[in-house]
Amino acid sequence: MSHLGGRQVEHEITLAASADEVYRMIAEVENWPRIFPPTIHVEHVERGEREERIRIWATANGEAKSWTSLRVLEPERRRIAFRQEIPAPPVAAMGGAWVIEELPGHTARVRLLHDYRALDDDPEGLAWIDEAVDRNSRTELAALKKNIERARTGSDLTLSFEDTVRVDGQVADVYAFINEAHRWPDRLPHVARTSLTEDTAGLQTLDMDTRAKDGSTHTTKSYRVTFPHRAIAYKQVTLPALMTLHTGLWTFDEQADGAVAATSQHTVVLNPATIEGVLGPDATVDDARRYVRDALGANSRATLGHAKAYAEQIAKALEGSAGAGSPGAQ
């Protein structure tokens, strides 16, 4: 893959895992939102044996950005080169590589290389990119080390689950209910307040106050990526105390009989340091898993239930108006 010129920087970290294991974790982009704090969502646009085009939504210096990258995978060298096709301003060009090296004692060195230029070679833009690349590279490498080494300890802190409802309505209406989060305080009893912004089409920032069963509220902030009328992916960046990570995915699948299967998926990593403070001195990781599963699942099922009622009410209204306008109904 061609070199882009301009600024060249390198970051590295050593971790306790095999080089092959680390390579696989980086190569499989579906892992990224769970491993790398800046990454909100990743999707494959095109996928070949060694080359692929991926679209990434991630934060940089606190701003949500999106870009498409071409990657060349070389598993035999444990190297993955990347190049942004259409960078997000102020970036004019961005490329680099992941290089994973086997070290003695079942350890590996990960080198993250970048080279980049700013639009019009603007000094302020270059300084912004310098800061973003440095912060994200350090954050990503530290998170990679933490996640891989934690997984190797066998600590059962990660849980994934989903809830699904069948909706006898239109997929566009079910999607609209979830997409229109600014209306949730009027539509969902467990939501006290929301603030939804969408400065870039398809990329939303959602601040929300959610009511717990005991009447207390907690505030979360999420970035959401929308795919009308197929899915809405999100990642919480302001989290409740029990979690160090929470990603989610709403999906809307049209069934053969015309109904819609609406699903809420969650992946959570628990924070063991806060379990005692939140759930009491005798609480275990299993208790925390059950608590989080019940709390998130209850809210998701409630939201899906209201989305179902909303879409089915519209469907019935449309059926009624169609029936009223037919000759046999006069």
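Name the residue that is most open to solvent (accessible area, probe 1.4 Å), counting only residues in the stretch 48-77 that are within 21 Å of residue 34 (Cα to Cα) and among the basic types (Lys, Arg). The residue in question is 55. Within the stretch 1-24, being surrounded by fewer than 18 Cβ atoms within 10 Å (Cβ to Cβ), out of contact with any Asp or Glu (no Cβ under 6 Å at 6 or more places or on another chain) and more than 25 Å from residue 91 (Cβ to Cβ) holds for 14, 18, 20, 21, 24. Take the residues in the stretch 223-241 that are over 10 Å from the mean Cα position of the chain (by Cα) and modelled with pLDDT of 95 or more, then tell me which one is farthest from residue 41 (Cα to Cα). For the stretch 223-241, the residue satisfying everything is 229.
Identify all residues within the stretch 91-108 that are more than 16 Å from residue 67 (Cα to Cα), open to solvent by 20 Å² or more (accessible area, probe 1.4 Å) and either assigned to a strand (DSSP E or B) or at pLDDT 95 or above (or both); write none if there are none. Once the filter is applied, which keeps residues that are more than 16 Å from residue 67 (Cα to Cα), open to solvent by 20 Å² or more (accessible area, probe 1.4 Å) and either assigned to a strand (DSSP E or B) or at pLDDT 95 or above (or both), the stretch 91-108 yields 101, 102, 103, 104, 107. Count of the stretch 86-118 residues, restricted to those that are touching a residue at least 60 places away in the same chain (Cβ under 8 Å) and β-branched (Val, Ile, Thr), is 3. For residue 178, the conditions (1) in a helix (DSSP H, G or I); (2) without any contact (Cβ under 8 Å) to a residue 40 or more places away in the chain all hold with the exception of (2). For the stretch 114-151, residues that are over 23 Å from the mean Cα position of the chain (by Cα) and either among the aliphatic types (A, V, I, L, M) or open to solvent by 30 Å² or more (accessible area, probe 1.4 Å) (or both) total 12. Within the stretch 79-90, the set of residues being part of a strand (DSSP E or B) and either hydrophobic (A, V, I, L, M, F, W, C) or out of contact with any strand residue (DSSP E or B) (no Cβ under 9 Å at 6 or more places or on another chain) (or both) comprises 80, 81, 82. Evaluating residue 288 against the criteria (1) modelled with pLDDT of 95 or more; (2) within 23 Å of residue 231 (Cβ to Cβ) leaves one unmet condition, (2).
For the stretch 119-135, taking the residues that are hydrophobic (A, V, I, L, M, F, W, C) and in contact (Cβ under 8 Å) with a residue 40 or more places away in the chain, the one that is nearest to residue 64 (Cα to Cα) is identified as 132. Among the residues of the stretch 161-202, the ones that are within 28 Å of residue 289 (Cα to Cα) and in contact with a Phe, Trp or Tyr (Cβ under 7 Å, 6 or more places away or on another chain) come to 3 in all. Would you confirm, using the coordinates I've provided, whether residue 111 is buried (at least 17 other Cβ atoms within 10 Å of the Cβ), touching a strand residue (DSSP E or B) at 6+ places or on another chain (Cβ under 9 Å), at pLDDT 95 or above and among the basic types (Lys, Arg)? Spelling it out, it is not the case that residue 111 is buried (at least 17 other Cβ atoms within 10 Å of the Cβ), touching a strand residue (DSSP E or B) at 6+ places or on another chain (Cβ under 9 Å), at pLDDT 95 or above and among the basic types (Lys, Arg).
Could you run through the stretch 35-92 and say how many residues are under 28 Å from residue 149 (Cα atoms) and β-branched (Val, Ile, Thr)? Number satisfying all stated conditions: 9.
The values are calculated or read from the model by the stated rules, or taken from the named source; none is laboratory data. What you are looking at is a predicted structure, and each value in this text was computed from that prediction instead of being measured. So basically every Cβ, Gly included, is an ideal-geometry build from the backbone, and we count neighbours across all protein chains shown. We work out accessible area using only protein heavy atoms, side chains counted, and drop any ligands, DNA or RNA first. Shrake-Rupley method; radii C 1.70, N 1.55, O 1.52, S 1.80 Å.
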